[in-house]
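Some notes on the structure that comes next.
The values are calculated or read from the model by the stated rules, or taken from the named source; none is laboratory data. Please read all numbers here as calculations on a predicted model, not as lab measurements. In this analysis, Cβ positions are derived from the backbone assuming ideal geometry, glycine residues included, and neighbour counts consider all displayed protein chains. Ligands, DNA and RNA are excluded from the accessible area calculation, which covers all protein heavy atoms including side chains. Shrake-Rupley method; radii C 1.70, N 1.55, O 1.52, S 1.80 Å.
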Amino acid sequence: MKIAIIGFGNMGQTYANSFMSSGFVGASDILILNKVVVEEKYSFGIDSANFYTQPNPNIFESDILILAVKPQDFKQLASEIKAFLNTEHVILSVMAGISIEAMQKELGVSKIVRSMPNIPTQIGEGMTVFCASNAVDRKELFIVQNLINTTGKSIYIEKEEMLNAATAVSGSGPAYVFYFMQAMIESAIRLGFSPSEAEFLVSQTFSGSVQLQNRSKLSNDAWIQRVASKGGTTEAALLVYNKNKLQEIVIEGIEAANSRAIELGS
């Protein structure tokens with residue numbers, strides 16, 4: 001199986017590195033199309049002969065083409081590669097906001113998988129939500145999911161419009177986590193910890209809590225109750241959060257992100 005990655009920015013590099021690190025695809029079977037020359041230090045061991053700056057028939061001998069360009073560059077790219085595509089090509093898109101229907105129209109192919117990865121894919125801990133056109137068969141979908149899973153975990157959805165919700169929850173989600181972490185770090189500094197101590201304290205607290213939750217069958221509410229003893233310090237903090245309706249604020253923020261995703265997609 002040959003894989004072509006079109007666009008070799010962060011996501012393109014992430015996929016190339018993940019495919020090879022997992023052993024799922026060999027370096028000789030990955031071809032790269034990028035509008036500028038890629039420096040050797042970013043090649044991940046892929047032979048220089050497999051890198052192209054202009055569309056070439058060799059690239060399109062691949063079974064799966066990954067579109068990892070910026071959404072605003074898609075139409076120009078489509079006009080450049082359309083003549084090289086055929087009905088058997090499977091397209092995996094990581095472009096935000098470009099619908100399956102739009103890609104089918106611009107590229108002239110029917111087998112499209114559209115995905116929404118998040119930034120932890122860069123370290124193999126990502127969350128990707130994806131959907132596919134009806135033309136993609138079960139075997140092809142299985143192969144694509146295996147490719148995606150080299151970067152973390154994934155969920156397949158039937159309804160394409162749910163990718164907007166995925167963008168709001170998991171795509172943007174790491175920023176919400178970093179936002180809350182930063183608030184905790186600043187609080188720790190105010191309480192007397194040095195910046196490095198505060199960062200370490202909060203980072204390990206998040207890491208340990210997530211691992212604890214992942215290894216347990218208890219709900220988040222149950223864990224909160226385990227930590228928050230009656231009349232204790234945790235309860236004092238939770239009372240402030242509840243008084244200021246923090247949970248509702250978080251939900252409102254994610255709903256705003258979802259609305260914006262819908263707006264950008266249309």
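Computed log10 I(q)/I(0) for the range 172-264 at 0.13, 0.15 Å⁻¹: -0.59, -0.79, from the Debye equation with unit scatterers placed on every C-alpha and solvent omitted.
Pairs of Cα atoms nearer than 8 Å and 6+ residues apart set the relative contact order; for the range 40-144 it is 20 percent.
Per residue of the chain, what 222 nm ellipticity follows from adding -39500 (n - 2.57) for every DSSP H run with n ≥ 4, rounded to the nearest 500? The per-residue figure over the chain is -14500 deg cm²/dmol.
FRET efficiency for the pair residue 110 and residue 42, taken as 1/(1 + (r/R0)^6) with r the Cβ-Cβ distance and R0 = 30 Å, rounds to 0.35.
Just reorder 234, 205 by solvent-accessible area, largest first, 1.4 Å probe, all chains present. Let's see the in-between values first.
Values: 234 45, 205 65 Å².
Putting 234, 205 in descending order of accessible area: 205, 234.
Computed extension gain for residue 159 through residue 250, at 0.36 nm per residue and net of the alpha carbon distance, reaches 30.3 nm.
Based on C-alpha pairs under 8 angstrom that are at least 6 apart in sequence, the range 137-266 has a relative contact order of 34 percent.
Taken over the range 122-208, the percentage of Cα pairs per 5 Å bin, counting from 0 up to the bin with the maximum distance, is 3, 12, 16, 16, 14, 10, 9, 8, 6, 4, 2, 1. Scaled against 2.2 N^0.38 Å for its residue count N, the alpha carbon radius of gyration of the range 73-175 is 1.06.
For the chain, what does the relative contact order come out to in percent, with C-alpha contacts under 8 Å and a separation of six or more?
Values: 356 pairs, mean separation 36.6, N = 266.
Contact order relative to length: 14 percent.
Between residue 63 and residue 239, full extension at 0.36 nm per residue minus the direct alpha carbon distance yields a gain of 57.8 nm.
Using a Förster radius of 35 Å, what is the FRET efficiency between residue 187 and residue 263 based on their Cβ-Cβ separation? Nearest 0.05, please.
Numbers: r = 34 Å, r/R0 = 0.98.
E(calc), rounded to 0.05, equals 0.55.
With Rg and the Kirkwood Rh both taken from Cα atoms, where does Rg over Rh land for the chain?
Numbers: Rg = 21.7 Å, Rh = 20.8 Å.
My calculation puts Rg/Rh at 1.05.
Computed from backbone phi, the HN-Hα couplings of the range 112-121 come to 10, 10, 10, 10, 10, x, 10, 5, x, 4 Hz, rounded to whole numbers (Karplus: 6.51 cos²θ - 1.76 cosθ + 1.60, θ = phi - 60°; Gly and Pro given as x). The ratio of the alpha-carbon radius of gyration of the range 1-42 to the globular-protein estimate 2.2 N^0.38 Å is 1.08.
The accessible-area ordering, largest first, of the residues 119, 98 stands as 119, 98, per a 1.4 angstrom probe. Spread over its residues, the convex hull of the C-alpha atoms of the range 166-212 is 65 Å³ per residue.
The order of the peptides 236-246, 250-260 by mean Cβ neighbours within 10 Å, most packed first, is 250-260, 236-246. Of all complete DSSP H helices in the chain, those with a Cα span along the helix axis of 20 Å or greater and a mean Kyte-Doolittle hydropathy of -1.0 or more are 173-190, 195-214, 246-265.
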